[in-house]
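Below is one structure, written out as structure tokens; the observations come after it.
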Amino acid sequence: MSSPEQWTRPEPGAGPAATAAQPSPEQVIAGLRATAEGGAELTQLLTPEGERQPSRFDPYLADIDDAALRGLYRDMVLVRRADRECNAMQRQGQLGIWVPLLGQEAAQVGSGRALKPQDMAFPSYREHGVAYTRGVDFRELLGIFRCTDHSAWDFREHGFHPYTIVIGNQVLNATGYAMGQKFEGKVGNTDPDGKPSGTDEATIVYFGDGATSQGDVHEGFVWAAVYDAPVVFFCQNNQWAISEPTERQSRLPLYQRARGYGFPGIRVDGNDVLACLAVTRWALDECRHGNGPVLIEAFTYRMDAHTTTDDPTRYRLSDEIEVWKHKDPIERVRVHLARTGGADQEFFDQVQADADAFAAELRDYCFNMPDPPPERIFSEVYAEPSAALDAQREEYLAYLSGFADGGEQ
């Protein structure tokens, strides 16, 4: 039987590598086995069975008691419920598209809760859970996918930049921002007692495993390494870059790529909210203290389609999904809380009721969201008036006025 190593680097006479040709059935099985296992270097604090494991990162969870863990559980349940409601609304024609995060709640909530108010986050297009932890009103995400707006929130207030659709582009933006933090002296400071300053800043940027094949990500790694930029590269390895598995993109685990750039890389169980919280806190502290960038590979799984335009049944097996259902990020926290007496059934019922109410509010808002007037696409382009833009607006409005309904839908 092929090993995971044989998936990309077969022995002489063993047939072509999967990266170079159509994989054999044995290679497919080996690849699925590699997907299901995080490897010996996987950082895990809460097992799929809900058992707490000791770790060198435990000091970064000193403040996480039962109440805090219940809060993390509630975050994940509400985010998942909102995600499922938005997915349903897209199917009903209320949203143009939706990008599901099902299965990735722990990676997003854990890392998002690790951020401090002064930090800045750069998302791709799936970080709805991170947005939630940064205080962005979930309703403000709907305009993007209803095609009526592009990030209605104040990114400075929330420390959360607009979504980025171009694959990997946000890595360059985040690296540049982090370089600015360093140039402005916002890292590596101490208070009068010689202790680390509580006001130092860091940046985190989110991207998927598929983005690691993009040049923008490579360039971001290079610049961050050269300038010791305080940026955490947070790769959510959900195993599938749309329809291509990670094994078709890299001969090494993604976190090991950091070695080639000269900064630390670590693989964390992306379905373990405690591990994601602790490791991200550690990485952000490294950056705030002036120790340069860190790469985190959150080993997780996309339980739904890449987007609502995708059909995952065409490229992955149902057996693979069944394996990951046993590693559900929410269920392991629920089991842990129930087993340790950290929460009772009344708490779980209340969280579910809150989640349903949250989804109902989103649904009501979306169904009654007014369409903006056509001139709005011109009003938020430049901070100051532009003669060229004014001319384009007048030409477009004149064009619309030629229709019987005046261009209204």
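The values are calculated or read from the model by the stated rules, or taken from the named source; none is laboratory data. On a predicted model such as this, the values are computed, not experimentally measured, just so you know. Note that each Cβ is placed from the backbone with ideal geometry, even for glycine, and that neighbours are counted across all protein chains shown.
Going by what's in this entry, would ALA18 be described as in a loop (DSSP other than H, G, I, E, B), touching a Ser or Thr at 6+ places or on another chain (Cβ under 7 Å), at pLDDT below 95 and of a type outside the set (Asp, Glu)?
So ALA18 fits the description; yes.
Across region 174-225, what is the total count of residues that are part of a helix (DSSP H, G or I), touching a strand residue (DSSP E or B) at 6+ places or on another chain (Cβ under 6 Å) and polar (S, T, N, Q)?
Looking only at that region, the number is 1.
May I ask you to verify whether ASP304 is in a helix (DSSP H, G or I) and assigned by TED's automatic domain parsing to the domain that holds THR47?
For ASP304, the condition - in a helix (DSSP H, G or I) and assigned by TED's automatic domain parsing to the domain that holds THR47 - is not met.
For region 357-376, name all the residues that are part of a helix (DSSP H, G or I) and surrounded by 13 or more Cβ atoms within 10 Å (Cβ to Cβ).
Matches in region 357-376: PHE358, ALA359, GLU361, LEU362, ARG363, TYR365, CYS366.
So that you can scan it fast, the table gives a plain yes or no per residue for (1) in the same structural domain as ARG257 (by TED's automatic domain parsing); (2) in a helix (DSSP H, G or I); (3) over 21 Å from the mean Cα position of the chain (by Cα):
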position	(1), (2), (3)
THR308	yes, no, no
THR313	yes, yes, yes
ASP319	yes, yes, yes
VAL323	yes, yes, yes
VAL351	yes, yes, yes
PHE378	no, yes, yes
ALA383	no, no, yes
ARG393	no, yes, yes
